[in-house]
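Presented below is the structure to which this report refers.
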Amino acid sequence: MPALAKEESLEGAQAFLDYWSDAMWFANQTGNTKFVREVVSTSCERCYEQFDVIDEVYARDAWFIGGRERVEIQDESLVRAVDGVYKPVSLANSEGIKLVENGRITYEAEPRKGLNDPFPIYLDYRNGKWLYITAANMPGVGEMQ
């Protein structure tokens, strides 16, 4: 994790999300979920379900191809919300992902660009480090392209 990703600033939050994205991509490519688990809150049940799927896929000698996602904070400043966490509005895109089992592609998610589809990412900052909590939808906003 780069030093910038440990700073409590807008740039630090973006660097942290870049690291989180890299850790998630690494997990998809190798089956090693250790690094992404270290930066994600255990309260994100959906996240841990996803990590468990990765573990299970690699345990049965299957694997993923792709899966890189890029999240970009859209806010011009970073403000802690009343509940104590940060919720910067972000946009994301992904290259898509394929599941390979027994030498065949058995699942494929198409690439997506989240143009005009902003969403808040919930982040906490404590003891000199960021923690990914979850992402949320903003109902009625934008469309996937």
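The values are calculated or read from the model by the stated rules, or taken from the named source; none is laboratory data. A quick note: this is a predicted structure, and the numbers were derived from the prediction, not measured. So basically every Cβ, Gly included, is an ideal-geometry build from the backbone, and we count neighbours across all protein chains shown. The accessibility values were calculated without ligands, DNA or RNA, using every heavy atom of the protein model including side chains. Shrake-Rupley method; radii C 1.70, N 1.55, O 1.52, S 1.80 Å.
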Is it the case that Phe16 is touching a residue at least 24 places away in the same chain (Cβ under 8 Å), farther than 14 Å from Leu131 by Cα, in contact with a helix residue (DSSP H, G or I) (Cβ under 7 Å, 6 or more places away or on another chain) and not basic (Lys, Arg)?
no
In the range 20-36, how many are open to solvent by less than 50 Å² (accessible area, probe 1.4 Å) and without any contact (Cβ under 8 Å) to a residue 24 or more places away in the chain?
3
Selection count, the range 84-140, where residues are under 12 Å from the mean Cα position of the chain (by Cα) and basic (Lys, Arg)
0
Answer from Leu10, Leu78, Leu17 - the residue that is within 11 Å of the chain's Cα centre (by Cα), at pLDDT 95 or above and open to solvent by less than 60 Å² (accessible area, probe 1.4 Å):
Leu17
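Residue by residue, here is whether (1) open to solvent by 90 Å² or more (accessible area, probe 1.4 Å); (2) touching a helix residue (DSSP H, G or I) at 6+ places or on another chain (Cβ under 9 Å); (3) among the basic types (Lys, Arg); (4) modelled with pLDDT under 95 holds:
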position	(1), (2), (3), (4)
Glu38	yes, yes, no, no
Trp63	yes, yes, no, no
Gly67	no, yes, no, yes
Val82	yes, no, no, no
Asn93	no, no, no, yes
Lys98	no, no, yes, no
Tyr107	yes, no, no, no
Does Ser77 count as closer than 20 Å to Tyr19 by Cβ and among the hydroxyl-bearing types (Ser, Thr, Tyr)?
no
The range 74-114: number of residues that are closer than 19 Å to Gln14 by Cβ and not acidic (Asp, Glu)
18
